[in-house]
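The values are calculated or read from the model by the stated rules, or taken from the named source; none is laboratory data. Quick caveat, the model's predicted, so the values are computed rather than measured. In this analysis, Cβ positions are derived from the backbone assuming ideal geometry, glycine residues included, and neighbour counts consider all displayed protein chains. These area figures cover heavy atoms from the full protein model, side chains too; ligands, DNA and RNA do not enter into them. Shrake-Rupley method; radii C 1.70, N 1.55, O 1.52, S 1.80 Å.
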Amino acid sequence: MAELRLDALHKIHPNGVVALRGLDLAVHHGELVVLVGPSGCGKTTVLRLVAGLEEPTRGRVWIEGRDVTALPPQERDVAMVFQSYALYPHKSVRDNLAFGLRMRRLAREDIARRVEGVAATLGLAELLERRPAQLSGGQRQRVALGRAMVREPKAFLLDEPLSNLDARLRAETRAELGRLHRRLAATMLYVTHDQEEAMTLADRLVVLRDGAVQQVGAPLAVHDRPANAFVAAFLGAPAMNLLPGEREGSGGLVRGRGFRVQPAPQQAPRTLWVGVRPVHVALGPPGSGEADARIELVEPLGSSVLVHVRLAGEGETVRVLLGAGARLPRLGEAVGLRLPVQCLHWFDARDGRRIGP
Amino acid sequence: MRRGAGRAAAAAGTALLAAGLALPLYLVLVASVTPEADLFEGMAWLPPDPTAEHYRALFTERDFWLPLRNSLVVAAATTLLCVGLGAACAWALARLRFRGRGLLLAGLLVVGLFPQISLVAPLYLLLRALGWIDSYPGLVLPYLTFAMPLAVWLLVGVFRELPLELEEAAWIDGASRLRAFREVVLPLAAPALASTAILTFLYCWNEFLFALSFTLGPERQTVPVAVALFRGEYRIPWGQILAASVVATAPVAVLVLAFQRRIVRGLTTGAVKG
């Protein structure tokens, strides 16, 4: 296992599309870093650059203190799990697992021992003679993972490895992957657009947008203090409410359509976005809180209830997450919204940057 | 009811077509075992007096093994070279970006469009300069000029359909490009390679014009040329010609029947995923 370092990586594709604009990132020994962002944000490009499948336009890639920017994939000793798994369809599971070891000219007995070992770990022992086409989606996924593990590479690159699984299997495999990472103490760079995967698996989270890093940090730190409105809206489910508002007077009062909150931070500009997570909004009788609204939609989710309300005066829609015991509001009912000031996030409306602590 | 009737009509049509295509072959087969004297008595559905005389004459009175061997050598050599080189070229054209790739592909197609007869004279001059007239390479080379473009085009299509990620996975696993080609690309393209090989072999086996133009005597003549030049003392030996046709067709028919499922699969590779 080893440290992975990316230095000012730029990637401009031959067709002129800019995939990455100056990415700096270090993945420490044994760390699992998740790159998360909407599709097209350049996260898969990062993996391909680390693997050597593409060359950066500018910048360098370091693995274990060695500059590998000019090395072909064969000489980088990293393993990649593809979103499509990319299992060799004409080879048995055993040969799929053994392929990388054969290429490295290991002794036959060593190959057999390591393949059997990984197969036992991943519960593939019964399936070794099968072809990929004879496996279920979950089994294929484990073979893809096993093919990476068996090589004991310097680093693992995982490209949306769970996205082809159904929801239940995905949750199970996610937990399994987390355990595996802790046991192997492996350096992993993991790409996903699923923020739940990102939150649960990451030691550190990197939020990407349009090829630029938005924020890096521990998942909860990023979740609790998003650096800008994009990160705030992207991380967390249901998504954070972002309400446009304007400062009035010098007392820090902020007013928007259908709501008024205070005090905004001292340094707040005139126009801003007020952010509040659905779980932090409370419903009360009309006139009781910072906003008045009408119930538009009630979605019982089982252990909680997601309520959509429309702020008075044709204002924004606000999502409110109620606990299981809460009284179910009626459609069209007039309510007051409590927006506790200690739970509010403030963003500059011009560039989306976070204001205040 | 309607669907049943449609199906019956389709089946009848297919049967009719098959019969129409098979009839001449059947008549050749019948005629090849009919004694020379009865050959012009009119068409017979069954040989009245079957004889192996023509076949015997083919291998005793003349040496039909020689053209058979020539055909086999030329066709096999062309096929091997064509599939081997063709696969390498096709992979480069399918996977590598280089200047003039599109032009090269178009050029390949155009080469195949020239009428064969227009190439006889220039090729003859070329082969004479090389000293290859009346030799095996003197046939293999011109055959390659016709077989390769087709093979390359077929295989470029096939290789493009193979997911690039499989090769990338192999590279990351430590395989060189060549190794990945051999271990991942070629096995997956095997059906297409087999059909390309068969098409090439058939083309070489049946080719007449080049074989006639670039050979001088029986030493290097292939089957079609040899059969066309059969001469008797006073008359054309029709019985032997027919027997030779059967002998020349049989191995090809066996080959195609043995591989027909692969051919169909190869020609439709990529039509459906999975």
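Looking only at strands (runs of 3 or more DSSP E) that fall completely inside region A:258-314, which ones have 2 or more residues that are more than 18 Å from A:M240 (Cα to Cα)? Strands (runs of 3 or more DSSP E) meeting the threshold: A:291-300. With respect to (1) on the phi > 0 side of the Ramachandran plot; (2) touching a residue at least 60 places away in the same chain (Cβ under 8 Å); (3) in contact with a strand residue (DSSP E or B) (Cβ under 9 Å, 6 or more places away or on another chain), the lone exception for A:Y85 is condition (3). Note on region B:153-170: residues that are more than 10 Å from chain A (Cβ to nearest Cβ), open to solvent by less than 30 Å² (accessible area, probe 1.4 Å) and either touching a Pro at 6+ places or on another chain (Cβ under 8 Å) or of a type in the set (F, W, Y) (or both) total 1.
Can you work out which of the residues in region A:131-140 that are part of a helix (DSSP H, G or I) and within 14 Å of chain B (Cβ to nearest Cβ) is most open to solvent (accessible area, probe 1.4 Å)?
It comes out as A:Q134.
Counting the residues of region B:43-82 that are aliphatic (A, V, I, L, M), farther than 24 Å from B:L212 by Cα and surrounded by 14 or more Cβ atoms within 10 Å (Cβ to Cβ) gives 1.
With respect to A:F99, is the statement that it is over 28 Å from the mean Cα position of the chain (by Cα) and farther than 21 Å from A:A8 by Cβ true?
Details: over 28 Å from the mean Cα position of the chain (by Cα): yes; farther than 21 Å from A:A8 by Cβ: yes.
The answer is yes for A:F99.
Assess whether B:F214 counts as being of a type outside the set (D, E, K, R), out of contact with any Cys (no Cβ under 6 Å at 6 or more places or on another chain), within 24 Å of B:P122 (Cβ to Cβ) and crowded, with 16+ Cβ neighbours inside 10 Å. Before the answer, list the steps.
On the way: of a type outside the set (D, E, K, R): yes; out of contact with any Cys (no Cβ under 6 Å at 6 or more places or on another chain): yes; within 24 Å of B:P122 (Cβ to Cβ): yes; crowded, with 16+ Cβ neighbours inside 10 Å: yes.
Yes; evaluated as a whole, the condition is true for this residue.
This table checks each residue for (1) more than 14 Å from A:L339 (Cβ to Cβ); (2) open to solvent by 10 Å² or more (accessible area, probe 1.4 Å); (3) among the basic types (K, R).
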| position | (1), (2), (3) |
| --- | --- |
| A:V261 | no, no, no |
| A:P269 | yes, yes, no |
| A:W273 | no, yes, no |
| A:V276 | no, no, no |
| A:P286 | yes, yes, no |
| A:A291 | no, no, no |
| A:I295 | yes, no, no |
| A:P300 | yes, yes, no |
| A:G325 | yes, yes, no |
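Within region A:93-130, restricting attention to residues that are more than 22 Å from B:V184 (Cα to Cα), surrounded by fewer than 17 Cβ atoms within 10 Å (Cβ to Cβ) and not aliphatic (A, V, I, L, M), which residue is farthest from the other protein chains (Cβ to nearest Cβ)? Among those residues, the one meeting the criterion is A:E126. Counting only strands (runs of 3 or more DSSP E) that sit completely within region A:3-92, those holding 3 or more residues that are within 14 Å of chain B (Cβ to nearest Cβ) correspond to A:78-81. The single residue among A:R66, A:R102, A:R94 that is of a type in the set (K, R) and touching a residue at least 12 places away in the same chain (Cβ under 8 Å) turns out to be A:R94.
Restricting attention to region A:151-161, the residues that are more than 10 Å from chain B (Cβ to nearest Cβ), touching a residue at least 40 places away in the same chain (Cβ under 8 Å) and in a loop (DSSP other than H, G, I, E, B) total 3. In summary, B:D173 fulfils each of the numbered conditions (1) among the charged types (D, E, K, R); (2) touching a Lys or Arg at 6+ places or on another chain (Cβ under 8 Å); (3) within 11 Å of chain A (Cβ to nearest Cβ); (4) surrounded by fewer than 22 Cβ atoms within 10 Å (Cβ to Cβ) with the single exception of condition (4).
Being hydrophobic (A, V, I, L, M, F, W, C) and open to solvent by 10 Å² or more (accessible area, probe 1.4 Å) is the filter here, so list the residues in region A:186-203 that pass it. Break it down into steps so the answer makes sense when it comes.
Of region A:186-203, the ones hydrophobic (A, V, I, L, M, F, W, C) are A:186, A:188-189, A:191, A:198-199, A:201-202.
Correct list: A:M199, A:L201, A:A202.
Among residues that are part of a helix (DSSP H, G or I) and either out of contact with any Gly (no Cβ under 7 Å at 6 or more places or on another chain) or not hydroxyl-bearing (S, T, Y) (or both), B:G42 is not included. Of all positions in region A:243-250, none carries a residue that is charged (D, E, K, R), at pLDDT below 95 and closer than 28 Å to A:S136 by Cα. Mind checking which pairs have a first residue in region B:177-192 that is within 10 Å of another protein chain (Cβ to nearest Cβ) and closer than 17 Å to A:S92 by Cα and a second that is among the charged types (D, E, K, R) and open to solvent by less than 30 Å² (accessible area, probe 1.4 Å), Cβ under 7 Å, 6 or more apart or different chains? Partner pairs satisfying both residue conditions: B:A180/B:E167; B:V184/B:E167.
Pairing each residue of region B:206-228 that is within 15 Å of B:A248 (Cα to Cα) with any residue that is open to solvent by 20 Å² or more (accessible area, probe 1.4 Å) and of a type in the set (F, W, Y), provided the two are 6+ apart or on different chains, yields C-beta distances under 9 Å for B:E207/B:F146; B:T222/B:F208; B:P224/B:F208; B:V225/B:F208; B:A228/B:F208.
Applying a threshold of 7 Å to beta carbon distances and a minimum spacing of six or more residues, or different chains, the list of pairs starting in region B:157-170 at a residue that is without any contact (Cβ under 8 Å) to a residue 60 or more places away in the chain and ending at one that is in a helix (DSSP H, G or I) reads B:L162/B:V185; B:L162/B:L188; B:L166/B:V184; B:A170/B:A180; B:A170/B:E183; B:A170/B:V184.
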